[in-house]
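A.B. asks: One structure coming up, written as structure tokens, with questions to follow.
Taken together, the values in this text are just the output of simple stated rules run on the coordinates, not laboratory data. A quick note: this is a predicted structure, and the numbers were derived from the prediction, not measured. Positions of Cβ are backbone-derived with ideal geometry, glycine not excepted, and every protein chain shown enters the neighbour counts.
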Amino acid sequence: MKRAFKVISMALSMILIVVLSACGGNGNSNSNTSDANTSTSNASSDTSANQPADTASTDNKSRDDASESKLKDFSLWTWLGSVESWGGKSYDEVLAYQELEKRSGVKVKYVHPTGDAVESFNLMMTSGEMTDAIWYRWNPERMKQYSDAGRIIDIYPLVKEHAPNLMALMESDASLKKQLVDPQGHMYYMPWITQDKFLGFGEGLVLREDWLNKAGSGVPKTNDELYNTLKAMKDKKVSGAKPFVGLTGYASQIYKLFYGFGVADDWFIDNGKVVYGPTSDRYKEALKWFNKLYKEGLLDKDYLTGEQDIYNKHIADGQAAGLIDNTDAEGTAAKMAADAGNPFQFVGIPYMQYNGKSVSLNSTAKRVAQPYGLAITSTAKDPAGIVAYLDYGFSDEGKTLFNWGIEGDTFEVKNGKKVYTDKIMKATDNVPGVEMTKYVNPWWITVTDADSAKALLDANGLKTRETWADVDTSMAFEPTLFMTPDESEVMSGASTDIATFKDSMRDGFITGAKNIDSEWDGYVKTLNGMGIENIQKVQQSAYDRFAATK
């Protein structure tokens, strides 16, 4: 199990950081945060059910368009991401990109920032001295900002004419199209696509299997059952003479337990209505549950420190029952425990149930078009050629190349399924999840194949991920909503102040520093006075437009 989590962490942590930017609250996309350094890979997709209807003709058309173009080379800015994990200096050292150059005849000049990626990006966009294409996090606000400034172009007309593979995917998947094309019919980047739900759930709750067995209450399915399980662990002194600290981890991860009350720590959808969770009665009920855990020593008193070393120590020392986090963090914690002489297995716990079914209200899990992708700049000499070139990643051959590499070299087919060869799975220098990034990049301008992620997991690791993914996401807020200028102004007005106040009060209610019975009404009144009701109206309008779009 330790190896399973280690493999997951190295291979999927990039996807998780994005799909799981979920680590930061509810994952709503209406934040204009600059998080360039966090993404490149860690997310999602079994593409077999989502192929274009006539893949042979669309693949050929894509190649024909690319060959007819005069495009011979273009420049592309991107941070290194996974390439750094094995000491690489550029994407052109990766087998998939080398092979694509052979197949297309197009030379890509990769430009990688040597310092802070966000600072480098901002300087490039301010100066106007840009590469032809730019990999970045293109949320709606950023796309509008740089399209209005004349830095990036609307590529939708080019996609319709020169990207048949991507168009086929968009026409067959309404969510994909709605997340890429704004209500005015504009599209600003070639996306990284994750269509398989499995890839949206690389993080979740795990508990120590040995302590779960000692508790004797079975796998908890609801928040009340989880409380009873943790209480039984403490009562049976599973940690021996050491203090029992219950659940541990980052606050933003632990707050996923709000979902079991049918509420999020931000916006969510309830029967078509946009609801601000932190002012709802369900949220109040959840806060009382969290406070009960905190008071009874079932929630780590250090969970608000934000210090992973502290959480890991509590696990390694045999004090913590488990945690909610991505698989990288869980693998690290399990390894530290084993190294400290306290080996155990983590077991994946389903997301808590609300109204009889496991639910996740994390909007990032709804993403089909990840916000990371390539925008084409206004200074590019051949935008049509670049679009046609990039469309190859959405063809069957392109998806195979970026997810698996080259048959007979990095993958082979066994019993009708692709598997990585020993070149990756038995590499001596790196664990498989790192070694694979020398040859492939499933998190590029392509559709991530979930089977390529599953191929790196042992049976227990795969079961854990599948447990997390077996969840209903219908109440989660939409990850990509396009706002009008007036709506954007309302959203940006007080959002930061609201979040700061809400977070402070939430944590006070949980720890008992604030009295929820006497201070709740005043808390809600303050939030309403800060503009929550106006923001709700804006969010509802944007959501209604999204829902009505075909």
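A.B. asks: Need one number: % antiparallel among DSSP beta bridges in the chain, to the nearest 5.
C.D. replies: Details: 29 of 43 bridges.
The answer is about 65 percent antiparallel.
A.B. asks: Also, I was wondering about something else. Where the centroid of each part is defined by its Cα atoms, how far is region 453-479 from region 65-134 in Å?
C.D. replies: What the calculation gives is 31 Å, centre to centre.
A.B. asks: May I ask for the angle, rounded to the nearest 10°, between helix 55-68 and the longest principal axis of the chain, with both axes built from Cα atoms and the value confined to 0 to 90°?
C.D. replies: 60 degrees
A.B. asks: When the helix-only estimate is applied to the chain (DSSP H runs of n ≥ 4, each -39,500 (n - 2.57), divided by the residue count), what is the mean residue ellipticity at 222 nm, nearest 500 deg cm²/dmol?
C.D. replies: Working: 23 runs with 245 residues, N = 550.
Mean residue ellipticity, 222 nm, calculated: -13500 deg cm²/dmol.
A.B. asks: Principal axis lengths of region 259-328 from Cα atoms, whole Å, largest first?
C.D. replies: So the three principal-axis extents are 46, 29, 18 Å.
A.B. asks: Here's something else I'd like to know. Go through region 188-201 residue by residue and turn each phi into a ³J(HN,Hα) via Karplus (6.51, -1.76, 1.60, θ = phi - 60°); whole Hz please, and just put x for glycine and proline.
C.D. replies: For region 188-201, the Karplus-derived couplings read 10, 7, 7, x, 8, 10, 10, 9, 8, 4, 3, 6, x, 10 Hz, x marking Gly and Pro.
A.B. asks: Next question. Got the relative contact order for the chain handy, in percent, Cα pairs under 8 Å and 6 or more residues apart?
C.D. replies: Working: 1055 pairs, mean separation 148.8, N = 550.
Reported as a whole number, the value is 27 percent.
A.B. asks: For residue 246, which sequence-distant residues (separation of 5 or more, or a different chain) have an amide H within less than 5 Å of its own amide H, given hydrogens modelled in the peptide plane?
C.D. replies: Answer set, sorted by chain and number: 321.
A.B. asks: Subtracting the Cα-Cα distance from 0.36 nm times the residue separation, let me have the gained length for residue 472 to residue 92 in nm, one decimal.
C.D. replies: Once the chain is fully extended between residue 472 and residue 92, it gains 132.8 nm.
A.B. asks: Starting from region 149-237, pick out the chymotrypsin sites (Phe, Trp or Tyr not before Pro) whose DSSP state is loop and whose Cβ has at most 12 other Cβ atoms within 10 Å.
C.D. replies: Loop-located and lightly packed - none at all.
A.B. asks: Another question about this same structure. Can you list the trypsin sites (Lys or Arg not before Pro) in region 273-315 that are in a DSSP coil and have 15 or fewer other beta carbons within 10 angstrom?
C.D. replies: 301
A.B. asks: For a quick check: with amide H placed at 1.01 Å from N, whose amide H comes under 5 Å from residue 296's, ignoring anything fewer than 5 positions away on the same chain?
C.D. replies: Counting only residues 5 or more places away or on other chains, the set is empty.
A.B. asks: Report the Cα centroid-to-centroid distance between region 341-386 and region 223-278 in angstrom, as an integer.
C.D. replies: 21 Å
A.B. asks: If you don't mind, another one. Per residue of region 335-343, in order, report the coupling 6.51 cos²θ - 1.76 cosθ + 1.60 (Karplus, θ = phi - 60°) as ³J(HN,Hα) in whole Hz, putting x for Gly and Pro.
C.D. replies: My calculation for region 335-343 gives 5, 4, 5, 4, 5, 8, x, 10, x Hz in order.
A.B. asks: Separate question: Per residue of region 73-90, what does 6.51 cos²θ - 1.76 cosθ + 1.60 with θ = phi - 60° give for ³J(HN,Hα)? Whole Hz please, x for Gly and Pro, Karplus curve as stated.
C.D. replies: Coupling constants for region 73-90: 7, 7, 9, 9, 9, 7, 6, 6, x, 4, 4, 5, 5, 10, x, x, 10, 7 Hz.
A.B. asks: Same structure, new question: Which percent of Cα pairs goes in each bin when the distances of the chain are cut into 10 angstrom slices starting at zero?
C.D. replies: 4, 18, 28, 26, 17, 7, 1, 0
A.B. asks: Now a separate question. Kindly provide the GluC sites (Glu not before Pro) of region 105-168 that DSSP labels as loop, not H, G, I, E or B, and whose Cβ sees at most 13 other Cβ atoms within 10 Å.
C.D. replies: 129
A.B. asks: Here's something else I'd like to know. Rg and Dmax in Å for region 107-194, alpha carbons only: what are they?
C.D. replies: In Å, with Rg to one decimal and Dmax whole: 14.2, 41.
A.B. asks: How compact and how long is region 485-548, expressed as Rg and Dmax of its alpha-carbon atoms in Å?
C.D. replies: Answer for region 485-548, Rg first and Dmax second: 14.3, 44 Å.
A.B. asks: Further question on the same structure: List every residue whose amide H lies under 5 Å from the amide H of residue 472, counting only residues 5 or more places away in sequence or on a different chain, with H placed 1.01 Å from N in the peptide plane.
C.D. replies: The answer is 358, 359, 360.
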